[in-house]
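Enquirer: Below you will find the structure I want to go over with you.
The values are calculated or read from the model by the stated rules, or taken from the named source; none is laboratory data. Since the structure is predicted, the reported quantities are computational estimates derived from the model, not experimental observations. Here the Cβ positions follow ideal geometry from the backbone for every residue, glycine too, while neighbour counts run over all protein chains shown.
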Amino acid sequence: MLPALLVLGISMSALAVDPAEMLPDRALEARARTISAEVRCVVCQNQSIDDSNAEIARDMRRAIRERLTQGDSDAQVIAFLRARYGDFVLLKPPFDWRTGLMWLGAPLALLLAAFALWRGVRRTQARQAGLSNAADLSPGERARLDTLLDEDREARP
């Protein structure tokens with residue numbers, strides 16, 4: 001089963017790049033494939049443009065190949081894409097002040113959820129501890145509490 005899924009996954013990514021897009025120079029084509037594997041499809045979100053069949057992904061692959069045939073380095077092609085689409089276009093964006101939320105958002109949300117859960121448990125424990133202290137009332141305090149509770153019940157419609 002696993003080998004069949006691997007073959008299917010590999011074949012699906014091979015279908016994304018149209019043979020007409022491929023460069024005749026194997027070295028340039030290999031560089032283009034390496035770059036496009038690192039670039040996010042802006043429509044598909046968590047899919048590289050190498051794996052995407054979206055029209056924008058095709059346009060981005062063509063732009064990469066055009067830049068490479070014009071003599072740009074891999075870094076220049078990446079810089080061109082970042083200038084055009086922003087850091088979001090990279091599957092592994094650099095960590096800086098602009099992308100900090102992208103990198104730290106999920107861990108911060110997890111920490112906030114853990115804090116809220118911890119606080120909720122503490123409140124529940126405090127409430128239960130408060131209820132257990134009601135048993136420690138003196139007979140006079142217990143009678144006064146019962147009177148107050150009865151008055152409250154009578155006041156409600």
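Enquirer: Only one residue in ALA116, ALA135, ALA109 is assigned to a helix (DSSP H, G or I), outside the structural domain of ILE35 (by TED's automatic domain parsing) and modelled with pLDDT under 85. Which one?
Expert: Working: ALA116 fails: modelled with pLDDT under 85; ALA109 fails: modelled with pLDDT under 85.
Being assigned to a helix (DSSP H, G or I), outside the structural domain of ILE35 (by TED's automatic domain parsing) and modelled with pLDDT under 85 holds for just one of ALA116, ALA135, ALA109, which is ALA135.
Enquirer: Inspect the range 19-39 for any residue being surrounded by 16 or more Cβ atoms within 10 Å (Cβ to Cβ) and among the polar types (S, T, N, Q) and give the result as yes or no.
Expert: Looking through the range 19-39, at least one residue is surrounded by 16 or more Cβ atoms within 10 Å (Cβ to Cβ) and among the polar types (S, T, N, Q).
Enquirer: Show the residue pairs meeting these rules: Cβ distance below 9 Å; 6+ apart or different chains; first residue within the range 98-109 and under 17 Å from ARG82 (Cβ atoms); second residue part of a helix (DSSP H, G or I).
Expert: Hits for this filter: ARG98/ASP87; THR99/ASP87; THR99/PHE88; MET102/ASP87; MET102/PHE88.
Enquirer: Could you grab me the full set of residues in the range 1-27 that are closer than 23 Å to ALA79 by Cα, modelled with pLDDT under 85 and not in a loop (DSSP other than H, G, I, E, B)?
Expert: Across the range 1-27, the qualifying residue is only GLU21.
Enquirer: Turning to a different aspect of this structure: Please go through the range 32-59 and pick out each residue that is over 16 Å from ALA79 (Cβ atoms) and over 23 Å from the mean Cα position of the chain (by Cα).
Expert: ARG33, GLU55, ARG58, ASP59
Enquirer: What residue, among those in the range 82-107 that are of a type in the set (A, V, I, L, M) and more than 12 Å from the chain's Cα centre (by Cα), is nearest to ILE35 (Cα to Cα)?
Expert: Keep residues of the range 82-107 that are of a type in the set (A, V, I, L, M), which gives 83, 89-91, 101-102, 104, 106.
Filter once more, keeping what is more than 12 Å from the chain's Cα centre (by Cα): 83, 89-90.
Values: ALA83: 15, VAL89: 12, LEU90: 10 Å.
It comes out as LEU90.
Enquirer: Residues in the range 60-81: is at least one acidic (Asp, Glu) and either on the phi > 0 side of the Ramachandran plot or under 18 Å from the mean Cα position of the chain (by Cα) (or both)? Outline the logic, then answer.
Expert: Initially, the range 60-81 is screened for residues acidic (Asp, Glu), giving 66, 72, 74.
So of that shortlist, the ones also either on the phi > 0 side of the Ramachandran plot or under 18 Å from the mean Cα position of the chain (by Cα) (or both) come out as none.
No, the range 60-81 contains no residue that is acidic (Asp, Glu) and either on the phi > 0 side of the Ramachandran plot or under 18 Å from the mean Cα position of the chain (by Cα) (or both).
Enquirer: Anything in the range 82-99 that is touching an Asp or Glu at 6+ places or on another chain (Cβ under 7 Å) and either at positive phi or of a type in the set (Ser, Thr, Tyr) (or both)? List them, or say none.
Expert: THR99
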